[in-house]
Amino acid sequence: MYVLDASVLIKWFSDEEYTDIALKLRDDFFHGNIELVVPDLLLYEVSNALRYNPNFDENDVVEAVDSLHDMGIDIIIPTGDVIRSAINLAFAHDVTIYDAFYAALADEIDFTLITADAKFYRKTNNLSFIKFVDEIYTEE
């Protein structure tokens, strides 16, 4: 039901704004309440972000990435159609193709993209399938 971008998932490993919501998403996934999908790009982005986190050494980064594999989250490899859609979205909304790829994937599989990237969200909030992280549990 949800595609998470790196800005949300990185909060599983770092205490920052919206970490509580990111951890609730993780817990809901573990309890089978929601389905999570990420593109393989996320593994590179999270690895890189943690590599530059002064609280993580090389082993910590390896363990973090291994834990993502071990969780059983569906990791999707891009298709040509999704990449083309990401390129279109990137140009239409003036965002990076990296960020647009998450949106294109969510749109392709009819899931909701959750982001904590405020700049990206501001540029794409007219797309109904993209939600800012603080909107997820407001309906409860």
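The values are calculated or read from the model by the stated rules, or taken from the named source; none is laboratory data. Given the structure is predicted, the values throughout are model-derived calculations rather than measurements. Every residue, glycine among them, receives a Cβ derived from its backbone with ideal geometry; neighbour counts consider all protein chains shown.
Does Asn125 satisfy being within 19 Å of Lys11 (Cα to Cα), surrounded by fewer than 19 Cβ atoms within 10 Å (Cβ to Cβ) and free of Cβ contacts under 8 Å to residues at least 40 places away in the same chain?
So Asn125 fails the test.
Within the stretch 81-90, can one find any residue that is at pLDDT 95 or above, surrounded by fewer than 12 Cβ atoms within 10 Å (Cβ to Cβ) and under 20 Å from Ile34 (Cβ atoms)?
Looking for residues that are at pLDDT 95 or above, surrounded by fewer than 12 Cβ atoms within 10 Å (Cβ to Cβ) and under 20 Å from Ile34 (Cβ atoms), one finds none in the stretch 81-90, hence no.
Looking only at the stretch 92-114, count every residue that is outside any helix (DSSP H, G or I) and more than 11 Å from Phe129 (Cβ to Cβ) and tell me the total.
Going through the stretch 92-114 one residue at a time, the tally reaches 3.
I'd like to check something: does the stretch 42-60 contain any residue that is β-branched (Val, Ile, Thr) and closer than 15 Å to Ile130 by Cα?
No, the stretch 42-60 contains no residue that is β-branched (Val, Ile, Thr) and closer than 15 Å to Ile130 by Cα.
Scanning for something within 15 Å of Leu9 (Cβ to Cβ), under 14 Å from the mean Cα position of the chain (by Cα) and not hydrophobic (A, V, I, L, M, F, W, C), does the stretch 51-71 turn up at least one residue?
No.
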